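Novice: Handing you a structure now.
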Amino acid sequence: MNITVYCGAATGNDPAYLQAAQELGEWIGRNGHTLVWGGGGTGLMGAVANAALAAGAPAIGVIPDFLLELETPPAGFTNYQVTTTMAERRTRMIELADAFVALPGGPGTLEELSEVMALIKLRRCAKPLILANINGYYEPLAATYQTMVDHGFIPAEILSHLQLASSIQDLTKLLSE
């Protein structure tokens, strides 16, 4: 399975985020899956990629050309699909995915999640989307989506495509179903 992982190019200020990224990468590699990620070697992106690669996972980095200098790739990694824009990157990562996972991240991660949710709403995507809700990180976002349902902006069934996992163990169980 190709697992597209969205996450930050920073590690955040909670060590649990870095640990979760490493655990997810290791699980992807140990279980014969392919990592699809934003191509960077820094922050949680680098942690998940390095762990997946160390555990033997094939990996595909999708990165805009202008980020190649800003987000140094993991050492020795060469399997890149280089795009010219962030929009092309998001599109390619969606095309490659069999499932989506979001670790904690910033505005870029939120943008990626929003695009997947919009495609789900438009019935253009039916792939699983799992948020790694490490220490409650994604609870405010889940509440925002519920507010959208409550106010009639998205149908309630859209939320059935969005799953929150409080640990990497819970997340990997969802991916294994």
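Novice: Where in the range 121-151 does the amide nitrogen come within less than 14 Å of the point 7 Å from the Cα of residue 19, taken along Cα to Cβ?
Specialist: 134-136, by backbone N distance to the label point.
Novice: May I ask for the angle, rounded to the nearest 10°, between helix 86-96 and the longest principal axis of the chain, with both axes built from Cα atoms and the value confined to 0 to 90°?
Specialist: The answer is roughly 90 degrees.
Novice: Once both axes come from the Cα atoms, what is the angle between helix 139-150 and the longest principal axis of the chain, in degrees from 0 to 90, rounded to 10?
Specialist: The answer is roughly 40 degrees.
Novice: Given the C-alpha atoms of the range 13-56, compute the convex hull and give its volume per residue in Å³. It would help to have the intermediate numbers written out before the result.
Specialist: Numbers: hull volume 2.3 nm³, N = 44.
Measuring per residue, one finds 53 Å³ for the Cα hull of the range 13-56.
Novice: Then there is this: Find the centroid of the Cα atoms in the range 52-116 and in the range 149-174, then give the distance between the two in whole Å.
Specialist: 22
Novice: Which net charge results when you count Lys and Arg as +1 and Asp and Glu as -1 among the other residues whose beta-carbon is under 15 Å from that of residue 20?
Specialist: Working: positive: 173; negative: 14, 23, 26, 170.
Residues near residue 20 contribute -3 overall.
Novice: If you don't mind, there's one more thing I want to ask. Given the Cα-Cα distance of residue 157 and residue 143 and 0.36 nm per residue of separation, how much length would full extension add, in nm?
Specialist: Numbers: separation 14, 0.36 × 14 = 5.04 nm, distance 1.50 nm.
Length gained between residue 157 and residue 143: 3.5 nm.
Novice: Further, regarding this structure: With a 10 Å radius around each residue's Cβ, average the other Cβ atoms per peptide and rank 137-145, 102-110, 118-126, highest first. Provide the component values of the computation, followed by the final result.
Specialist: Numbers: 137-145: 15.1, 102-110: 19.8, 118-126: 13.0.
Put in order of decreasing packing, that is 102-110, 137-145, 118-126.
Novice: I've got another one for you. Using label points projected 7 Å from each Cα along Cα→Cβ, tell me how many nm separate residue 124 and residue 80, to one decimal.
Specialist: Placing both labels 7 Å beyond Cα along the Cβ direction yields 2.7 nm.
Novice: Then there's this: Keeping every protein chain present and rolling a 1.4 Å probe, give me the accessible area per residue for the chain in Å². Spell out each step's value before the answer.
Specialist: Working: 8170 Å² over 177 residues.
Result: 46 Å² of accessible area for each residue.
Novice: Treating the angle as unsigned and between 0 and 90°, give the value, to the nearest 10°, between the Cα long axis of helix 15-30 and the longest Cα principal axis of the chain.
Specialist: 70
Novice: Moving on. For the chain, with all protein chains present and a 1.4 Å probe, just round the carbon and sulfur fraction of the accessible area to a whole percent.
Specialist: Details: 4370 of 8170 Å².
Its accessible area is 54 percent carbon and sulfur atoms.
Novice: Ignoring ligands, DNA and RNA, how do 167, 176 rank by accessible area with a 1.4 Å probe, largest first?
Specialist: Details: 167 30, 176 85 Å².
Per-residue accessible area, sorted high to low, gives 176, 167.
Novice: For residue 110 and residue 166, FRET efficiency with R0 = 22 Å and r from the beta-carbon atoms, rounded to 0.05? Don't jump to the answer; show the numbers that get you there.
Specialist: Details: r = 20 Å, r/R0 = 0.89.
Calculated transfer efficiency: 0.65.
Novice: Under the rule of -39500 (n - 2.57) per DSSP H run of 4 or more residues, summed and divided by the residues of the chain, what mean residue ellipticity at 222 nm is obtained, to the nearest 500 deg cm²/dmol?
Specialist: Numbers: 6 runs with 75 residues, N = 177.
Here the helix-only value at 222 nm equals -13500 deg cm²/dmol.
Novice: Right, something else. Per residue, what volume in Å³ does the convex hull of the Cα atoms of the chain enclose? Please list the in-between numbers first.
Specialist: Numbers: hull volume 18.4 nm³, N = 177.
So the per-residue Cα hull volume is 104 Å³.
The values are calculated or read from the model by the stated rules, or taken from the named source; none is laboratory data. On a predicted model such as this, the values are computed, not experimentally measured, just so you know. Reconstructed Cβ throughout: ideal geometry from the backbone, glycine too, with neighbour counts over all protein chains shown. All accessible areas refer to the heavy atoms of the entire protein, side chains included, with ligands and DNA or RNA removed. Shrake-Rupley method; radii C 1.70, N 1.55, O 1.52, S 1.80 Å.
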